[in-house]
Amino acid sequence: MRFRNGLMALAALAAIVGTTLTASAQQTLTLYQGAQINGRLRTTLDSGSAHVGDRFVMDVVPPYPSGDPTFQGAIVAGEVTSVQSAGQGTKPKLGLQFDYLRLADGTTVNIAASLTQDQRKQEQANGGHVALTTLGGMLLGNMLGKTIFHTGGGGIVGAAGGLLYGVNKKTNFQLPAGSNLQITLNQTVTIRRQSNY
């Protein structure tokens with residue numbers, strides 16, 4: 001009788017341990033290197049006004065990695081690491097770092113990821129700006145041509161210079177609030193869900 005009770009107790013203990021291990025396994029989620037996470041930016045990032053250290057957040061949106069609904073309500077947070085505003089002959093740049101992924105239940109894991117797709121809004125070249133710089137170039141060219149070289153062709157040279165300035169002027173770009181981004185993980189991460197899950 002004692003032997004039978006002992007076996008029953010041992011079987012019950014094994015069942016409890018097995019259930020605990022299964023629950024534990026269900027609370028662990030792995031995202032492998034190369035996994036893609038889609039998100040929607042909460043605030044606008046602009047190469048003309050951003051500063052190094054600015055924080056940003058994006059909401060994770062479908063399609064989720066591996067189609068897993070665990071990511072519903074999750075966010076990815078990061079910060080601006082470098083900024084270069086547009087200028088004459090200078091291309092605008094924004095360096096972004098993605099720091100962590102937080103699930104809806106509060107589970108947080110550090111990530112290393114790169115921006116692989118964005119919905120960028122490029123400011124268009126302003127025709128008025130090009131026209132004004134062309135006119136300024138013509139006036140300057142005329143003045144130089146008549147005063148220094150005693151010729152009448154300086155305006156054409158100046159116009160060409162003005163147009164070149166207008167076309168070469170780089171423009172800032174935006175990642176507007178609400179725009180869709182896609183990031184790709186640079187390394188595998190394991191997410192351990194909180195015990196109350």
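Nothing in this text is a laboratory measurement; each read-out follows from the coordinates by a stated rule. Just so we're clear, the structure is a prediction, and the values are computed from it rather than from any experiment. Here the Cβ positions follow ideal geometry from the backbone for every residue, glycine too, while neighbour counts run over all protein chains shown.
How do the peptides 88-95, 33-40 rank, highest first, by the average count of neighbouring beta carbon atoms within 10 Å per residue?
Details: 88-95: 13.4, 33-40: 16.6.
The densest-packed peptide leads the list: 33-40, 88-95.
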Notebook entry, point to check: Separation between the S114 and N186 pseudo-spin-labels, each 7 Å from Cα along Cα→Cβ, expressed in nm?
Noted result: 0.8 nm
Checklist line | Relative exposure of Y100, Y64, judged by other C-beta atoms within 10 Å (fewest first) | finding: Y100, Y64
Item checked: Vicinal HN-Hα couplings computed from phi for the stretch 35-43 (Karplus, 6.51 cos²θ - 1.76 cosθ + 1.60; Hz; Gly/Pro x) -> 5, 10, 10, 9, x, 10, 5, 7, 10
Notebook entry, point to check: Under 5 Å between amide H atoms, partner at least 5 residues away or on a different chain: which partners does Y100 have, H built in plane at 1.01 Å?
Noted result: A77, I111
